[in-house]
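All of the numbers you see were taken from the coordinates with simple rules; none came from a lab. All of these numbers come straight from a predicted model, not from anything done at the bench. Positions of Cβ are generated from backbone atoms using ideal geometry, with glycine treated the same way; all protein chains shown enter the neighbour counts.
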Amino acid sequence: MQRVLGVIIVLGSWCLGYAQTYSLLLAQKVQQVTEVNQQLLDYENFGPKPTGSLELELVNDWLVSYYTDLGYTVSLDSFKVGSLLTSNIIIEKHGKDTTQWVVIGAHYDSVVDSYGANDNGTGVVATMQIARLIRDIPTQLSVRIINFGAEELGLLGSEHYVANTLSASDSIAVMFNLDQLGGTKSADNSKIVCERDEGNRIAQNDLPSARKTDTLAHIFTQYTHLKPVLGPAFSTDYMPFEERGYTITGLYQESDYNAFYHSSSDRLFNMDTEATKEVIKGTVAASIYFARPLVADTEQDLITLVPNPARNFVRVIVTDYTEVNYVITNALGQQVAKGLTTVGEPIPIHVCGDGLYTVSIYTTDDVFINASKLIIAR
Ligand SMILES: [Zn+2]
């Protein structure tokens, strides 16, 4: 959609009234954001993907298999635009509370002729990263990720979703929209616009939106190098949610992308890939934060892996527990081993090749305790 920038409020030194403590879990998850450029390129290489095109169907298949491989059950929320059939792609991760949802949206269609690396490959790749990194974190709230169709034809996918598919019994804590997160190559991409609801259809949801957006901005100061600025929400998939009174927030990279906007030049080689990755890191931190991870940072136990570097066995040392669950993931975030272990007993790691791994430790009830890096070298 037309994303002409409105009034932007630059936030100077962030006000100090915030009590959001720095979370080791979020910091670790942000570090596990990988393969952003490759995924953006994969999305771009499908070519322009307007509604009704074969290319869009191929992107749909690509996303469905990506989410399925991560262990999600994918549902397609199909609808018609004239004679064209298209769909929203939906995955869910249940939290302790299965009635309260964090909805994370990013449209996956592009306009005719646009490769859409920025609009909206960046939002799509952000949802792929969020899906992978939030999957194993126990959270209080449930998370629903939706890649909307037909956004570029007038928010048709998100409108269809709120009008026909969203259950009235679902409470939405926040609708967090990701559209055009990529910075222009050689431009100043040091800022990121955190979008809040300023009026629009319903007045009562403005204040909760302002609060969520302040939180979002603060998360960017904590876990990224970017400087958050506040701007108004407009012209993308959170609007149908706003019109029904839901609380919305979103992100938008403000750097001047007009030369490439909705054109065949919206491609990775015109983007500032480092800044884009930084925005995506922030989306991961914010999504996990909004879902309220069930881990108290102040009570986070330190774990030690011995030996480290390891060869064929590794032991987990953690105080106050006799048995723990472990999950070993490789540098790409793929799970390579998991199981239950007695603290101090050797865990076989023969199946893992040499490299850098993350060992995440959970209680036997699967509440996250902590994670640590493990080097395997033989
Ligand atoms: Zn867009």
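Report, for the stretch 53-191, the % of DSSP beta bridges that are antiparallel, rounded to 5.
Just about 50 percent of them are antiparallel.
Dimensions of the stretch 301-376 along principal axes (Cα, Å, largest first)?
31, 21, 18
Given charges of +1 on the Cβ of Lys and Arg and -1 on the Cβ of Asp and Glu, with all other atoms neutral, how large is the dipole of the stretch 301-376 about its Cα centre, in debye to the nearest 20?
320
Only four residue types carry charge here, +1 at the Cβ of Lys and Arg and -1 at the Cβ of Asp and Glu. Report the dipole size of the chain about the Cα centre in Debye, rounded to the nearest 20.
Its charge dipole is roughly 740 debye.
Take the alpha carbon gyration tensor of the stretch 197-298, find the square roots of its eigenvalues, order them as a ≥ b ≥ c, and report rounded if a/c is under 1.5; if not, report prolate when a/b exceeds b/c, else oblate. Each step should come with its number before you reach the end.
Details: a/c = 2.27, a/b = 1.17, b/c = 1.95.
In terms of gyration-tensor shape, oblate.
What lysines could a cross-link reach from Lys373, if we take a straight Cα to Cα line under 17 Å and drop same-chain neighbours fewer than 8 places away?
Straight-line reach from Lys373, under 17 Å: Lys29, Lys338.
Using R₀ = 35 Å, calculate the FRET efficiency as 1/(1 + (r/R₀)^6) where r is the Cβ-Cβ separation of Leu356 and Lys96; round to 0.05.
Working from the Cβ atoms, E equals 0.65.
Thinking of the stretch 67-109 as a set of Cα atoms, what percent of all their pairs are more than 17 Å apart?
Considering the stretch 67-109, 47 percent of its Cα-Cα pairs are separated by more than 17 Å.
Between Asp188 and Tyr22, what length comes free when the chain is fully extended (0.36 nm per residue of separation minus the Cα-Cα distance, one decimal in nm)?
On the way: separation 166, 0.36 × 166 = 59.76 nm, distance 2.70 nm.
Net length gain for the segment: 57.1 nm.
Out of all DSSP beta bridges in the stretch 301-376, what portion is antiparallel? Express it as a percent rounded to 5.
Antiparallel bridges: around 95 percent, rounded to the nearest 5.
At q = 0.10, 0.12, 0.13 Å⁻¹, what is the base-10 log of I(q)/I(0) for the chain according to the Debye formula with one equal point scatterer per Cα and no solvent? Please give it to two decimals.
-0.63, -0.90, -1.04
So what does log10 I(q)/I(0) come out to for the stretch 101-181 at q = 0.17 Å⁻¹, using the Debye formula with one equal point on every Cα and no solvent?
-0.70
Please identify, among Gln335, Gln180, Gln129, the residue showing maximal mean-square fluctuation in a Gaussian network model of the chain using a 10 angstrom Cα cutoff.
For the chain, modelled as a Gaussian network with Cα springs under 10 Å, the answer is Gln335.
Arg311 to Asp69: FRET efficiency via 1/(1 + (r/R0)^6), r the Cβ-Cβ distance, R0 22 Å, to the nearest 0.05?
0.15
Running a GNM on the chain with Cα contacts under 10 Å, which residue among Leu24, Leu216, Leu56 ends up with the highest mean-square fluctuation?
Ranking Leu24, Leu216, Leu56 by mean-square fluctuation puts Leu24 first.
Based on the mean of other beta carbon atoms within 10 Å per residue, what is the order of 104-113, 162-171, 223-232, 357-366, most packed first?
Details: 104-113: 24.5, 162-171: 12.1, 223-232: 19.3, 357-366: 17.0.
Put in order of decreasing packing, that is 104-113, 223-232, 357-366, 162-171.
Quick one: of the DSSP bridges fully inside the stretch 9-290, what percent are antiparallel, nearest 5?
Restricted to the stretch 9-290, the bridges split so that about 45 percent are antiparallel.
Where does each of 42-48, 120-126 land if you order them by average Cβ count within 10 Å, highest first? Could the numbers behind the result be given before it?
Values: 42-48: 18.6, 120-126: 30.0.
Ranked from most to least packed, the peptides come out as 120-126, 42-48.
With Cβ to Cβ distances under 15 Å as the rule, what net charge do the other residues near Val306 carry (K, R +1; D, E -1)?
Cβ neighbours under 15 Å give a net charge of +2.
Going toward the positive end of the dipole of the stretch 16-158, with +1 on Lys and Arg Cβ and -1 on Asp and Glu Cβ, which of Asn120, Val102, Gly52 do you reach last?
Val102
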